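J.: Below is one structure. I have some questions about it.
Laboratory data are not the source of any read-out in this text; all were calculated from the coordinates shown. Small disclaimer: the values here were computed from a predicted structure and weren't measured.
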Amino acid sequence: MKRGIIVLALVLALSGCGTNGNIKEPENGTETVGANTEVTLYISNENGNGFAEKEAKLEKLTPEAILSALAEERVVPSEAKVLSFSQEGKALTLDLSREYQEYVMSFGTSGELITIGGVVNTFLKAYDADTITILVEGEAWDSGHAEIDGPLSWYES
């Protein structure tokens, strides 16, 4: 009987040690935050030659949720998928499916600025990072105007 009471007391004491919606906790190698996390999306401005900022609420801060929000704004295609994501200090690595590259290549230089820079700036701000390496199917890739083969930093518009 005493043992049951001790176990019950321990369970009750430990159940109060959970997290609230404001504490980051790892999930599948990425950071997540509680419901209704707000992120800044970098989308096309009215002229299509630079960025506008738009706040978006996500259930959790995940690369998939960010990509989905960017797809809603047509910065990336809705078919693009996150294949992997990692963060080491202030450096991110994001591996996307081939649909992303095909989408980027369908635009001229202004469209390329938005489709690459929008992803770069959104992820850098969301994860408080300095650089992001964007891979396609695990490899460096060609945007149609440039070889994307290393870390990218903040895009100015």
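J.: Take the range 113-147 and flag every residue that is over 18 Å from the mean Cα position of the chain (by Cα) and among the aliphatic types (A, V, I, L, M). Spell out how you get there, then give the answer.
T.: Looking only at the range 113-147, we keep the residues that are over 18 Å from the mean Cα position of the chain (by Cα), and these are 139-147.
A140, A146, listed by residue number.
J.: Follow-up. Looking at the range 89-99, is at least one residue on the phi > 0 side of the Ramachandran plot, of a type outside the set (S, T, Y) and over 17 Å from the mean Cα position of the chain (by Cα)? Break it down stepwise before answering.
T.: Of all residues in the range 89-99, those on the phi > 0 side of the Ramachandran plot come to 89.
Those left that are additionally of a type outside the set (S, T, Y): 89.
Now narrow it down to the ones that are over 17 Å from the mean Cα position of the chain (by Cα): none.
Within the range 89-99 (the criterion being on the phi > 0 side of the Ramachandran plot, of a type outside the set (S, T, Y) and over 17 Å from the mean Cα position of the chain (by Cα)), the answer is no, since none of the residues qualifies.
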